[in-house]
Amino acid sequence: MTVESTAARKPRRSAGSKTGTTRTTAQSADAPAADAPPTAAKRVTAKRAATKKPAAKPVVKAVAKPAGTGTDPDLVQLLTPEGRRVENAAYDPYVAALTSDDLRGLYRDMVLTRRFDAEATALQRQGELGLWASLLGQEAAQIGSGRATRPDDYVFPTYREHGVAWCRDVDPTNLLGMFRGVNNGGWDPNSNNFHLYTIVIGSQTLHATGYAMGVAKDGADSAVIAYFGDGASSQGDVAESFTFASVYNAPVVFFCQNNQWAISEPTERQTRVPLYQRAQGYGFPGVRVDGNDVLAVLAVTKWALERARRGEGPTLVEAFTYRMGDHTTSDDASRYRHDDERVAWEAKDPIARLRTYLEASNHADEGFFAELEAESESLGRRVREVVRAMPDPDPFAMFEHTYADGHALVDEERAQFAAYQASFTDVEGA
Ligand SMILES: Cc1ncc(C[n+]2csc(CCOP(=O)(O)OP(=O)(O)O)c2C)c(N)n1
Ligand SMILES: [Mg+2]
């Protein structure tokens, strides 16, 4: 279901969208054909959309949502855990144009992201980082969705989106400064349309929705994607975002990585219904995709982003995946979950299944895997070198940016800190 209101934006077409015209969807009887020309109600100028308030009584229409495949009709899957390609008439068109090169590219993205992540975890164990939040197991959810975005789309991540950052061309070493405690972010969000990592759970969904409303007012041909977790889905911020995005028809994709855990709380403590079904109550479509299947995630996210670009409003994508590691390096998951759960998910590993498919369908040979191994090694080396060479910040810099014109209390704290620092004695040769 979705809410069509007079606040609907000027219909926009995705210039780079090759798949938009070939998409097939399971239509319900009264649903507008997703590929049909925009209705008169939607044919408003960007200016009008910017000035008009939403209609008091929006017309609620059913929205076509392509269905899943396989044994679970609710789960969209194109590649089984065994690496077998399964057909899905609705979503196949979104990956039909992928070449062998593209498929190898997705594999390379996942392998290098996993390698970078493992290196960061090791660096934390060696005392080089204060903390690290590993994405282990979530590579397909992140690479599939990240590769579905266009450069002009805007991405709002949590603190775990290292794979999405990779797709947005953020140098991975830039992700580490904050975790080493030497800067407050490490990259310019406007350079890659990739916002800074957000620790306050769910808050970035509000930022994304507001940003998307702005994109709509500009009449721009781009979309916004907000990442969040299963735990975040319980936050009021997320509920408010869903409401605003729905009634303002904002071009935003809510991408929930349901990795089954919010630190030590399982998803059962967040919801009584599958998370993707929440969208229905807000009046926009929700889709559950196999989050360990990079092809399915790519297809579903493309579909959702293209809906947003066409002015058809928000979508909730629930990527059903698993956090294979601890919540962060400060956590010990063995205290609250059984190992057999992780072992069961290892059998659905996103990288292994794509490798099986690539080999079985002759998209990649031994040479490719060997070269990638060498590339992984050199990425690991570079990450270690760059992190260790990061200069320590001036300890007094933290007092600089609290008030533009200074403040007596901050001055007092700075003086106290100076006295504390001076109390240390450097021991020769220590
Ligand atoms: C508003 C807020 N409440 C609590 C926390 C503490 N906290 C940090 S991560 C986390 C769990 C988040 O779980 P989920 O949304 O599933 O994301 P995941 O870590 O699994 O990727 C919590 C409660 C926080 N950072 N912000
Ligand atoms: Mg979670």
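All of the numbers you see were taken from the coordinates with simple rules; none came from a lab. Only a predicted model underlies this, so the values are computations on that prediction, with no experimental measurement involved. Here the Cβ is made from the backbone with ideal geometry for all residues, glycine too, and neighbour counts use every protein chain on show.
Miscellaneous remarks
- Farthest positive-ward along region 75-388 dipole, Cα basis, beta-carbon charges - from Gln124, Ala223, Val247: Val247
- Given charges at beta-carbon only (K, R positive; D, E negative), |dipole| of region 162-230 in Debye: 160 debye
- Footprinting exposure proxy for Leu379, Leu131, Leu106, Leu409 (fewest neighbouring C-beta atoms within 10 Å first): Leu409, Leu131, Leu379, Leu106
- Glu87 versus Gln126: modelled label distance in nm, points set 7 Å from Cα along the beta carbon direction: 5.1 nm
- The Ala389 and Val273 beta-carbon pair, evaluated with R₀ = 60 Å, returns a calculated FRET efficiency of approximately 0.75.
- Between the residues Gly146, Ala89, Thr99, the greatest Cα displacement towards the positive end of the dipole of region 87-152, with unit charges on the Cβ of Lys, Arg, Asp and Glu, is found for Gly146.
- Within region 315-418, GluC sites (Glu not before Pro) in DSSP loop having at most 14 other beta-carbon neighbours inside 10 Å: Glu400
- Only Lys, Arg (+1) and Asp, Glu (-1) charged, at Cβ; region 75-388 dipole about Cα centre in debye: 520 debye
- Set of region 126-169 residues, backbone N closer than 20 Å to the point 7 Å along the Cα-Cβ line of Phe417: 130-131
- Between Glu346 and Ala220, the modelled label-to-label distance comes to 4.4 nm, taking each label 7 Å out from Cα in the direction of the beta carbon.
- Of the residues Thr271, Thr149, the one with the fewest other Cβ atoms within 10 Å heads the list, and the complete ranking is Thr271, Thr149.
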